[in-house]
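Visitor: This is the structure I have questions about; it appears just below.
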Amino acid sequence: MFRLPWYYLLIYIVVGYLLLWWFDKFQIIKPKPLRYFLVIFIYTLLFWLAYDFLIAKI
């Protein structure tokens, strides 16, 4: 299993929720299933890359 501190997961969940809320509020992408899929996929990829390149080296 991953050896992440608990607050990394909390940050991931809170920022992801706020991003989904923002995309829902302004309806950037009209179909809701596509909007959720793209936001979750892209956000997860960006968070993973940021962790891999910035935080994991510490």
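Visitor: Could you report the chain's accessible area per residue, 1.4 Å probe, as an integer in Å²? Don't skip to the answer; put the middle values down first.
Guide: Values: 5210 Å² over 58 residues.
Heavy-atom SASA per residue in the chain reads 90 Å².
Visitor: Out of the total accessible area of the chain (probe 1.4 Å, heavy atoms of protein only), what percent is carbon and sulfur?
Guide: About 77 percent, which is the carbon plus sulfur part of the accessible surface.
Visitor: For residue 41 and residue 29, compute 0.36 nm times the residue count separating them, minus their Cα-Cα distance, and round to one decimal in nm.
Guide: Between residue 41 and residue 29, full extension yields an extra 2.9 nm.
Visitor: Only Lys, Arg, Asp and Glu count, each charged at its Cβ (+1, +1, -1, -1), so figure out the dipole size of the chain about its Cα centre, rounded to 20 debye.
Guide: Values: 6 positive and 2 negative charges, 26 e Å.
The calculation lands at about 120 debye.
The values are calculated or read from the model by the stated rules, or taken from the named source; none is laboratory data. Keep in mind it's a predicted model, so treat the numbers as computed, not measured. Cβ coordinates were reconstructed from backbone atoms using ideal geometry, including for glycine residues, and neighbour counts include every protein chain displayed. What goes into the accessible areas is simple: the full protein's heavy atoms, side chains included, and nothing from ligands, DNA or RNA. Shrake-Rupley method; radii C 1.70, N 1.55, O 1.52, S 1.80 Å.
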